[in-house]
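The values are calculated or read from the model by the stated rules, or taken from the named source; none is laboratory data. Note that the structure is a prediction, hence the values are computed from the model and not measured. So basically every Cβ, Gly included, is an ideal-geometry build from the backbone, and we count neighbours across all protein chains shown.
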Amino acid sequence: MERKDDFQQRRRHLAGLSDEELHQRFWELLDQVVEPLAELARTHTSPAIERSVLLRMGFSSLEAKALVEKCQEQGLLGKGAGHVVLKAAEISGRPYREAGLALIRGELWPQVTAEFARGGGR
């Protein structure tokens, strides 16, 4: 079956636009397509993503796994495991690696969860 060529008809609404206007229209449409994806990335994560972040922060894979599990237990994984570790470091005055190891040992959780509950950790 041959496809009907309706290009001229479909482009009618664009025919009067200058190159600059077409360029602007392209980016407006692209923003409409990408915005839901960007919002999804901002609001959703996974244990694998959070482990990856912690690995890049210098934690071993076993430490990263333990931290992610603790964050899940506390209901804070959605805040970002790296963010939780940085918040623990800020609260405790320790370097972030030491704060992360303290979290693994079960320390600092009351302070960290309270800070996030107050909205101090967004």
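Table for the structure above
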{"read-out": "Residue that is farther than 20 Å from residue 119 by Cα and either polar (S, T, N, Q) or assigned by TED's automatic domain parsing to the domain that holds residue 110 (or both), where the choices are 37, 54, 86", "value": "54"}
{"read-out": "Options 77, 54; residue that is crowded, with 17+ Cβ neighbours inside 10 Å, more than 18 Å from residue 110 (Cβ to Cβ) and of a type outside the set (D, E, K, R)", "value": "54"}
{"read-out": "The one condition in (1) without any contact (Cβ under 8 Å) to a residue 24 or more places away in the chain; (2) under 14 Å from the mean Cα position of the chain (by Cα) that residue 105 fails to fulfil", "value": "(2)"}
{"read-out": "Among residues of segment 30-47, those that are loosely packed, with under 10 Cβ neighbours inside 10 Å and in a helix (DSSP H, G or I), counted", "value": "7"}
{"read-out": "Residue, farthest from the chain's Cα centre (by Cα), within segment 1-26, restricted to residues that are surrounded by 10 or more Cβ atoms within 10 Å (Cβ to Cβ) and in a helix (DSSP H, G or I)", "value": "14"}
